[in-house]
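The values are calculated or read from the model by the stated rules, or taken from the named source; none is laboratory data. Because the structure is a prediction, the values reported are computed rather than measured. Positions of Cβ are generated from backbone atoms using ideal geometry, with glycine treated the same way; all protein chains shown enter the neighbour counts. Quick note on the areas: whole protein, heavy atoms, side chains included, nothing else; ligands and nucleic acids left out. Shrake-Rupley method; radii C 1.70, N 1.55, O 1.52, S 1.80 Å.
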Amino acid sequence: MTRQTNWCTGRCYPWPDDGSSVAAMTVAPAIAASGLGRDYGSIRAVDAIDLEVRPGEFFGFLGPNGAGKTTTIRMLTTLLRPSRGSAQIAGKDTLSDPLGVRRSIGVVFQETTLDVDLTAQENLRYCTRLYGLSRRESELRIDEVLRLFSLSERRNERVRSFSGGMRRALDLARGVLHRPSILFLDEPTLGLDPTQRRRIWGFLRRLCSEDGTTLFLTTHYLEEADPCDRVAIVDRGRIVIAGEPTVLKRALGKESIELSSEHPEAVAEQVIRLTGIIPRIRDSVVSFIVEDAAAVMPLMLPLTEQDVEVRLTRPTLEDVFVSVTTDREGSNGLGG
Amino acid sequence: MVWAVEAVVIREFVRFFRQHGRLLSTFARPLLWLIVIGSGFERVIPSEGTVSYKQFLLPGIYAMVILFSTMLCALATVSDREFGPIRMLLIAPLPRSVAVIAKTVSSTLLGIFQAVLFLPLIWILGLRPSAEAVLELLGALALSALVLASLGMVLASRLRSIENFAGVMNFLMFPMFFLSSALYPASTLPGFLQPLVRADPLTYAVDLMRHPLLQGLYPANLSSSYTARFDILVLVASSIILTGVAILLFGEEDHLGRILLTEAPRAGRRGGPPVAPPQPSTPTVVGAPPEPASAAPAPAEPPRRRSPVQPRAAVAGPPLAAPENTAARPTDFSAEEGGSMIAQ
């Protein structure tokens with residue numbers, strides 16, 4: 001069952017080939033999965049995931065809620081046994097060598113893992129000891145990550161008193177404490193304010209570019225997935241499209257027309273009447289993607305007379321996301 | 001592996017000292033029982049020989065301290081799972097067995113530690129055991145803590161949320177306490193309860209503690225029912241079996257994943273619009289055969305009914321039946337557990 005139809009234009013686009021399969025032949029992949037799937041009773045949470053992530057790659061795993069992202073991460077991190085298929089992390093099989101896999105990876109879960117009754121330092125120390133680091137080494141690394149996340153001054157305070165952003169930062173510090181070569185992040189910036197999000201993303205980008213850590217992350221803040229080397233969009237337990245963000249965006253269409261108005265529904269109706277394209281509504285913005293904006297813009301003229309602001313932009317990853325994921329709420333895709 | 005056990009132990013102790021309510025109840029509960037129940041029963045049950053009822057009750061109080069301590073540790077493991085910290089342990093490069101053993105060891109040590117705090121009661125109540133007897137008592141405390149800690153881990157592997165703890169309290173902890181000889185010699189209980197008495201690990205724990213404390217002071221048939229050697233054998237065997245069962249249950253990755261997944265719907269609700277649960281695109285034609293429906297936790301092991309408990313003299317029979325029964329019990333009631341139990 002393919003879902004490569006672009007719901008905006010009703011046009012099919014080719015699966016973008018960015019040549020990754022060629023590059024992957026030469027280097028052993030950091031993450032490899034083939035036919036990975038998982039059922040819960042009769043519910044098929046993940047159907048069959050095939051993917052390959054190169055060492056040092058920044059890989060984004062996107063999809064709507066319930067698409068199977070978290071289940072996939074759990075299978076890749078040995079926390080969940082797959083119903084079918086197999087996965088190798090850093091060349092080790094998740095089923096036959098789970099310890100080897102866990103030794104190479106760090107995981108930042110969607111929910112916190114911290115013990116709120118312990119201080120920041122005690123939480124981190126607990127982790128370094130679980131990984132068998134020596135006391136000296138462990139103190140050095142704890143100092144380092146606490147400095148990195150500006151938590152040094154509060155190291156002796158209990159996590160209970162920390163704000164959501166500080167807890168998230170500490171969780172991330174915990175995830176990289178043992179310097180894993182592959183880091184899994186499940187919605188790492190969930191519930192953070194924009195400043196905190198920017199800082200965490202800055203850190204992740206440095207981790208990837210300077211330390212060569214492989215990053216595998218899920219997010220639904222699509223604009224944040226732009227810096228990924230590659231993204232895969234998953235829906236109903238299958239990868240529906242994968243490739244470089246720019247390639248995906250190009251494949252989608254050339255230009256995006258955005259109409260801002262106080263009555264987006266009315267504007268949407270007019271767009272359908274004028275162009276036959278079913279647009280997407282998000283907040284007060286109505287948007288749709290076209291191959292050639294010059295041909296469509298004149299049709300928008302009547303709208304400009306009704307205080308509608310018309311803008312021409314490039315398609316975003318969000319447009320890709322919406323166009324390939326199953327539309328479950330009717331034609332206008334009130335996503336986001 | 002040792003460092004991991006050490007890390008878990010340190011964490012449990014730090015937590016213990018930070019939870020002031022738990023600290024307070026650790027001290028208050030046993031003293032309350034000793035003073036109130038002890039004084040009340042003293043009027044009803046006349047002192048035998050030279051031993052007062054409170055002296056008779058003392059081993060029972062130690063058993064209670066250890067029972068509550070280890071069950072609270074089991075509860076902490078459940079809440080660890082509910083609130084996340086257990087993932088630090090699960091994602092670390094440790095075999096599941098080491099994780100379970102680390103938790104069992106920390107629960108055992110915490111139990112011993114709390115019981116040791118009450119050692120002065122021996123002298124306060126006027127008992128004068130020899131140094132050797134005190135050492136024997138310490139050994140008994142350690143063994144009792146070990147068996148109850150491993151029982152706690154079996155429970156922790158199957159309890160879904162801390163709310164179920166009310167059920168554990170009513171249907172496991174109190175019966176275990178009342179059926180052991182903690183408050184009165186269990187031999188005075190009616191015959192139909194005797195199999196349960198023999199299946200209760202606390203029976204042997206209390207019995208073993210009475211040996212060094214009340215030896216020669218009390219009519220033999222009322223203080224200890226078994227030989228110390230037999231008590232030790234039962235306790236060690238039960239600990240090994242229960243820890244093995246806990247490792248099996250925790251190691252079962254499927255089971256763990258299912259428990260971890262319980263919070264997935266919660267996470268789904270938090271962000272964005274509600275989505276329909278993923279449906280298989282075609283009515284399962286391809287793929288693995290559907291897994292057995294797994295909503296209700298099936299009993300870990302079907303409680304193998306050993307036909308009538310053999311006489312006490314048999315060595316391996318009754319004690320080995322004990323852990324199985326106790327392990328199966330929680331799952332039995334968790335299935336039919338209703339709000340009424342929690343409402344109390």
Original post:
If only one of B:GLU82, B:GLU136 is touching a residue at least 40 places away in the same chain (Cβ under 8 Å), open to solvent by 10 Å² or more (accessible area, probe 1.4 Å), within 14 Å of chain A (Cβ to nearest Cβ) and of a type outside the set (Phe, Trp, Tyr), which one is it?
Top reply: B:GLU82
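Among the listed residues A:ARG103, A:ARG154, A:ARG125, A:ARG141, which satisfies the condition of being away from chain B (no Cβ under 13 Å) and within 29 Å of B:ARG96 (Cβ to Cβ)? First the steps, then the outcome.
Values: A:ARG103 fails: away from chain B (no Cβ under 13 Å); A:ARG154 fails: within 29 Å of B:ARG96 (Cβ to Cβ); A:ARG125 fails: away from chain B (no Cβ under 13 Å).
Just a single option satisfies the conditions, and that option is A:ARG141.
Just to verify a result, which residue in the range A:64-87, among those that are in a loop (DSSP other than H, G, I, E, B) and at positive phi, is modelled with the highest pLDDT?
Going residue by residue through the range A:64-87, those that are in a loop (DSSP other than H, G, I, E, B) are A:64-68, A:77-83.
Within this subset, residues satisfying the condition of being at positive phi are A:66, A:68, A:78.
On the way: A:GLY66: 79, A:GLY68: 86, A:THR78: 89.
Within the range A:64-87, the match that is modelled with the highest pLDDT is A:THR78.
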**OP:** State whether one or more residues within the range A:72-80 are at the interface with chain B (Cβ under 10 Å from one of its Cβ atoms), within 21 Å of A:LEU207 (Cα to Cα) and not charged (D, E, K, R).
**Re:** yes
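For the range A:226-235, does any single residue satisfy the condition of being open to solvent by less than 10 Å² (accessible area, probe 1.4 Å), within 14 Å of chain B (Cβ to nearest Cβ) and closer than 30 Å to A:ALA45 by Cα? Give the derivation first.
Within the range A:226-235, the subset open to solvent by less than 10 Å² (accessible area, probe 1.4 Å) is A:228, A:231-235.
If we keep only those that are within 14 Å of chain B (Cβ to nearest Cβ) too, we end up with A:234-235.
Subset that is closer than 30 Å to A:ALA45 by Cα: A:234-235.
Yes; the residues of the range A:226-235 include at least one that is open to solvent by less than 10 Å² (accessible area, probe 1.4 Å), within 14 Å of chain B (Cβ to nearest Cβ) and closer than 30 Å to A:ALA45 by Cα.
With the condition kept exactly as written, say whether any residue in the range A:247-259 is hydrophobic (A, V, I, L, M, F, W, C), more than 18 Å from A:GLU57 (Cα to Cα), within 13 Å of chain B (Cβ to nearest Cβ) and in contact (Cβ under 8 Å) with a residue 60 or more places away in the chain. If you could, list the steps in order and put the result at the bottom.
Going through the range A:247-259, the residues hydrophobic (A, V, I, L, M, F, W, C) turn out to be A:247-248, A:251-252, A:257, A:259.
Filter again for more than 18 Å from A:GLU57 (Cα to Cα), leaving A:251-252, A:257, A:259.
After this cut, where a residue has to be within 13 Å of chain B (Cβ to nearest Cβ) as well, the list is none.
Checking the range A:247-259: not a single residue is hydrophobic (A, V, I, L, M, F, W, C), more than 18 Å from A:GLU57 (Cα to Cα), within 13 Å of chain B (Cβ to nearest Cβ) and in contact (Cβ under 8 Å) with a residue 60 or more places away in the chain.
Conditions tested, residue by residue: (1) within 28 Å of A:LEU185 (Cβ to Cβ); (2) modelled with pLDDT of 90 or more; (3) open to solvent by less than 40 Å² (accessible area, probe 1.4 Å).
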| residue | (1), (2), (3) |
| --- | --- |
| B:ARG15 | yes, yes, yes |
| B:PHE27 | no, no, no |
| B:GLY38 | no, no, yes |
| B:LYS54 | no, no, no |
| B:PHE68 | no, yes, yes |
| B:VAL78 | yes, no, yes |
| B:LEU89 | yes, no, yes |
Subject >> Flag if A:ASP39 is assigned to a loop (DSSP other than H, G, I, E, B) and either buried (at least 24 other Cβ atoms within 10 Å of the Cβ) or within 11 Å of chain B (Cβ to nearest Cβ) (or both) >> reply: no
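Out of all the residues in the range A:275-296, which are hydrophobic (A, V, I, L, M, F, W, C) and open to solvent by less than 60 Å² (accessible area, probe 1.4 Å)? Steps first, please.
At the first step, the residues of the range A:275-296 found to be hydrophobic (A, V, I, L, M, F, W, C) are A:277-278, A:281, A:285-286, A:288-290, A:293-296.
Hits for the range A:275-296 are A:ILE277, A:ILE281, A:VAL285, A:VAL286, A:PHE288, A:ILE289, A:VAL290, A:ALA293, A:VAL296.
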Original post:
Is one or more of the residues making up the range B:153-166 surrounded by 16 or more Cβ atoms within 10 Å (Cβ to Cβ) and closer than 24 Å to B:LEU58 by Cβ?
Top reply: no
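Being touching a residue at least 60 places away in the same chain (Cβ under 8 Å) and open to solvent by less than 10 Å² (accessible area, probe 1.4 Å): is that true of B:VAL147 here? Before you say what the answer is, go through the steps one by one.
Values: touching a residue at least 60 places away in the same chain (Cβ under 8 Å): yes; open to solvent by less than 10 Å² (accessible area, probe 1.4 Å): yes.
So B:VAL147 passes the test.
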Original post:
Can you pull out the residues in the range B:1-50 that are within 10 Å of another protein chain (Cβ to nearest Cβ) and farther than 20 Å from B:GLN114 by Cβ?
Top reply: B:MET1, B:VAL2, B:TRP3, B:ALA4, B:ALA7
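For residues that are assigned to a strand (DSSP E or B) and more than 15 Å from A:ARG74 (Cβ to Cβ), scanning just the range A:52-61, find the one that is most open to solvent (accessible area, probe 1.4 Å).
Filtering the range A:52-61 down to residues assigned to a strand (DSSP E or B) leaves A:52-53, A:58-61.
Of the ones still in play, those that are also more than 15 Å from A:ARG74 (Cβ to Cβ) are A:52-53, A:58-60.
Details: A:GLU52: 83, A:VAL53: 1, A:PHE58: 6, A:PHE59: 5, A:GLY60: 0 Å².
Per the criteria, the residue is A:GLU52.
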Subject >> Filtered residues of the range B:55-74 (kept if within 15 Å of B:GLY152 (Cα to Cα), more than 14 Å from chain A (Cβ to nearest Cβ) and of a type in the set (A, V, I, L, M)) >> reply: B:ALA63, B:MET64, B:VAL65, B:ILE66, B:LEU67, B:MET71, B:ALA74
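If a residue must be β-branched (Val, Ile, Thr) and either without any contact (Cβ under 8 Å) to a residue 40 or more places away in the chain or more than 22 Å from A:GLU318 (Cβ to Cβ) (or both), how many such residues does the range A:266-304 contain? Spell out how you get there, then give the answer.
Step one: of the range A:266-304, the residues β-branched (Val, Ile, Thr) are A:267, A:271-272, A:275, A:277-278, A:281, A:285-286, A:289-290, A:296, A:304.
With either without any contact (Cβ under 8 Å) to a residue 40 or more places away in the chain or more than 22 Å from A:GLU318 (Cβ to Cβ) (or both) added as a condition, the list becomes A:271-272, A:275, A:285-286, A:296, A:304.
Residues in the range A:266-304 being β-branched (Val, Ile, Thr) and either without any contact (Cβ under 8 Å) to a residue 40 or more places away in the chain or more than 22 Å from A:GLU318 (Cβ to Cβ) (or both): 7 in total.
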